[in-house]
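The structure appears below as structure tokens.
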Amino acid sequence: MRDALGEVQSVLVLGGGSDIGRALCTRLARGRCRTVVLAGRPEDGMEAVAEAVRSAGATTVEIVHWEATDPQGHDRVVDDVFDRFGDIDLVYVPAGILGSQEAFDADPAFAATAVDINLGGVVAVCLAVARRLRAQGHGSIVLMSSVAGVRARKDNYVYGATKAGLDAFGQGLGDALVGSGVRVMVVRPGFVHTKMTEGMDAAPFSTTPDKVASLIVDGLATGKEIVWAPPVLRFPFAVFRLLPRALWRRVAERG
Ligand SMILES: NC(=O)c1ccc[n+]([C@@H]2O[C@H](COP(=O)([O-])OP(=O)(O)OC[C@H]3O[C@@H](n4cnc5c(N)ncnc54)[C@H](OP(=O)(O)O)[C@@H]3O)[C@@H](O)[C@H]2O)c1
């Protein structure tokens with residue numbers, strides 16, 4: 001249960017090795033958050049995240065196995081965490097892969113896997129989470145969309161399609177949960193310097209995991225439903241989404 005100041009005291013991260021997740025949990029643990037459950041794949045760098053959040057002040061830190069593409073695993077993992085740790089104030093869902101359009105073109109099965117992780121897995125686990133949060137009567141879900149989902153580009157449209165779907169799902173879920181005490185926030189980052197984007201040329205208005213984490217914490221405190229990271233991106237994308245296709249193709253080509 002959030003404390004009297006509205007601060008998060010417990011968090012479940014689905015995609016526990018995420019760099020943005022690490023920044024968010026560290027920031028929360030420096031405040032009042034004492035329970036952090038990291039759920040992810042065994043090969044995930046979750047031990048390092050666990051160590052960082054312990055150093056920041058979290059006292060109960062646990063790693064659990066969760067694979068986004070395992071359809072049987074979602075209910076089991078979510079129920080286990082809620083049964084063992086009690087109220088969870090925040091469920092942060094960063095699980096995802098980027099992949100390159102070239103790799104998807106060369107191996108369509110890989111594109112299906114990306115859709116399975118970024119959209120299918122996240123949708124299924126969020127429905128399991130929503131059921132528990134609804135019963136709890138409070139809590140927040142934070143989903144990671146992307147500006148890539150706001151307007152598809154020819155150089156990453158498979159990834160963009162997964163994020164467009166996730167963005168729509170997050171908005172619909174948020175609307176469905178109105179009145180339940182549960183909130184959903186959809187985050188739309190541009191380029192964030194993390195292991196996901198390592199070696200890539202930074203896009204305009206690139207940002208850091210710490211800055212995204214700070215925007216998420218502010219968004220939770222103020223009840224935001226959509227958070228752009230950085231906030232300035234809402235303006236170019238308000239224009240981009242209205243551009244005629246031929247003009248958008250030229251803008252997108254310039255990167
Ligand atoms: N970085 C950016 O520029 C950017 C921009 C817009 C949106 N986003 C979105 O923000 C979210 C977090 O990004 P990030 O930069 O923090 O990326 P990250 O550090 O690569 O974190 C992504 C996490 O998802 C996990 N994951 C991948 N496939 C999984 C699966 N099948 N089952 C369970 N976990 C799985 C990864 O685990 P493994 O280490 O085991 O692969 C990793 O811990 C992502 O959804 C991303 O699409 C990022």
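Values for this structure:
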item: Within a Gaussian network of the chain (alpha carbon springs, distance under 10 Å), most fluctuating of V115, V239, V212; result: V239
item: Sum of side-chain charges, V81 neighbourhood, beta-carbon under 12 Å (Lys, Arg +1; Asp, Glu -1); result: -3
item: Loop-located trypsin sites (Lys or Arg not before Pro) in segment 135-190 whose Cβ has at most 14 other Cβ within 10 Å (DSSP); result: K154
item: Stretchable slack from E51 to R84, in nm (0.36 nm times residue separation minus alpha-carbon distance); result: 9.8 nm
item: Solvent-free Debye scattering, log10 I(q)/I(0), computed from the Cα coordinates of the chain at q = 0.17 Å⁻¹; result: -1.37
item: Calculated [θ] (222 nm, deg cm²/dmol) that DSSP helices of n ≥ 4 give over the chain, each run adding -39,500 (n - 2.57); result: -13500 deg cm²/dmol
item: Ranked list, fewest to most other Cβ atoms within 10 Å of each Cβ, for H74, H193; result: H193, H74
item: Percent of Cα pairs exceeding the 15 Å cut-off, where the set is segment 55-98; result: 56
item: Contour excess over end-to-end distance, with Cα ends at L247 and T222 and 0.36 nm allotted per residue; result: 5.4 nm
item: Qualifying chymotrypsin sites (Phe, Trp or Tyr not before Pro) in segment 150-210, DSSP loop, other Cβ atoms within 10 Å at most 16; result: F205
item: Tilt relative to the chain, helix 122-136 - C-alpha long axis, 0 to 90 degrees, to 10; result: 30
item: Per DSSP, loop GluC sites (Glu not before Pro) in segment 1-80 with at most 13 further Cβ within 10 Å; result: E43
item: Summed side-chain charge close to F104 - residues other than F104 whose Cβ falls under 15 Å, Lys, Arg +1, Asp, Glu -1; result: -2
item: Residues D201 and V232, FRET efficiency given R0 of 25 Å [Cβ-Cβ distance, rounded to 0.05]; result: 0.80
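Bear in mind that the values in this text are calculations on the coordinates, not laboratory data. Computed from a predicted structure; not experimentally measured. Neighbour counts run over all protein chains shown; Cβ positions are idealised from the backbone, glycine included.
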